[in-house]
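The values are calculated or read from the model by the stated rules, or taken from the named source; none is laboratory data. Small disclaimer: the values here were computed from a predicted structure and weren't measured. We place every Cβ from the backbone using ideal geometry, glycine too, and count neighbours over all the protein chains shown. When the accessible area is computed, the model is the full protein with side chains, heavy atoms only, and any ligands, DNA or RNA have been set aside. Shrake-Rupley method; radii C 1.70, N 1.55, O 1.52, S 1.80 Å.
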Amino acid sequence: MSSRATYALVSALALTILTGAPAAAAPPPAPLDYTALGDSYSAGAFVRPWAVDDGCGRSTLSYPQQAARRLNVRLTDVTCSAAEVRAGVLEQQTEFTGPPSVPPKAGWAPRPAQIKAVTAATDLVTLGIGGNSVGFVDIVTKCIEQGIASFGTGSPCSAHYTRGSGKSRLDAGFTALEADFATTLKDIRTRAPHAKVAVIGYPAVVADAKGCSFGSWRQLGTVTKGDMPFLDALERRVNTVLRTEAQRAGAAYVDTYTSSTGHGVCSAPGQRWIYGIKDDLTGSGTQSDPPSDLCRRVPATGEACTFLHPNLPGTTHQAALVTQALIELGAIRR
């Protein structure tokens, strides 16, 4: 061996001794922490399969669940059916609608305020809520009842909520929603000062009423054609509050309404992203929802009283938009 080769070998051995073995590859970064807050539209209620232990009806195919899998983030999902901004997010929730729609004999246990799931370690937050705070379910129920009383004519529900005591109560609900939503966004920022926040609007439910038939419970039941524009305006009013408060707080707003127009409850069956009042369940598996006494009295053959929630195509549409929004906020696929 030449002296030059010997020198090179000795130098290499010396370098190995001094530096040790080659450094191991750096471990992959930990996944981001994502916390989902919201009501039944965020929980994916009535899309199988759902959890059956707490009355919240969280689906494994809801938009938080789908988005978390697509982005490989660590999800804390505290969304819950019937949640309001105040009684659900800011404070504990004691009233639930499932599924399952029929609670156990002892009832469902109260759930802690969703906001407690947001911590300093949280990286991403989605907040999709507000409809229950203004009484959307009660308003639709009122429209159904008044549609029966008016034999499907006129716009009795619109008249009730745009004048007198009905208008006063509705306006008061919106005033409370604005204040409580602003408080929620401020509280999120306090608890998780570095988190990226996205507010999720509601998809179009009654944006195009032309395809709805009076008395079809797979659509809007006995809501009159004249009252359908009122329900659409009500939803758009809720979305306007969510968008405005998001902008004021520096949060992103995810518009699911615009791209879902034409896929509401009045659309053709193959185009609908929203369940009717009583409808057949979507999602994987054969899970069922034994109907309540009230649901049994609805004269329709649907599996469950699904009451205008997103079906599987609807939650998948939400998930695509939410996933893109979280990517833009820094939730890079890993």
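Length gain on complete extension for the stretch Thr119 to Ala268, per 0.36 nm per residue less the alpha carbon to alpha carbon distance?
Numbers: separation 149, 0.36 × 149 = 53.64 nm, distance 4.35 nm.
The Thr119-Ala268 span can extend by a further 49.3 nm.
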### Query
Between Ala233 and Asp54, what length comes free when the chain is fully extended (0.36 nm per residue of separation minus the Cα-Cα distance, one decimal in nm)?
61.2 nm
### Task
Give me the percent of the accessible area of the range 62-164 that comes from carbon and sulfur atoms, probe 1.4 Å, all protein chains in place.
53 percent
### Task
Would you mind counting up the charge near Leu185? Only other residues with Cβ under 9 Å from its Cβ, with Lys and Arg at +1 and Asp and Glu at -1.
+1
#### Entry: Length-normalised contact order of the chain in % [C-alpha pairs under 8 Å, at least 6 apart]
20 percent
### Query
What nm value, rounded to one decimal, do you get for the distance between Arg296 and Ile148 when each label is placed 7 Å out toward the C-beta?
1.7 nm
### Task
Using the Karplus curve 6.51 cos²θ - 1.76 cosθ + 1.60 with θ = phi - 60°, work out ³J(HN,Hα) for each residue of the range 67-76 in order, rounded to whole Hz, and write x for Gly and Pro.
5, 4, 5, 5, 9, 6, 10, 8, 9, 10
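How do the peptides 292-298, 82-88, 233-239 rank, highest first, by the average count of neighbouring beta carbon atoms within 10 Å per residue?
82-88, 233-239, 292-298
Going down the list Lys116/Lys196; Lys142/Lys210; Lys105/Lys167; Lys142/Lys278, which pairs span over 27 Å between their C-alpha atoms? Kindly include the intermediate steps, with their values, before the conclusion.
Details: Lys116/Lys196 17 Å; Lys142/Lys210 21 Å; Lys105/Lys167 37 Å; Lys142/Lys278 16 Å.
Check vs 27 Å cut-off fails for Lys105/Lys167.
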#### Entry: Dimensions (Å) - the chain, Cα atoms, principal axes, largest first
107, 43, 41
### Query
To the nearest 0.05, how large is the calculated FRET efficiency for Ser284 and Ser168 if R₀ is 56 Å and r is the Cβ-Cβ distance?
0.80
### Query
How many percent of DSSP beta bridges within the chain run antiparallel, rounded to 5?
20 percent
### Summary
Pseudo-spin-label distance Ala182 to Val137, built 7 Å along Cα→Cβ, given in nm, is 2.8 nm
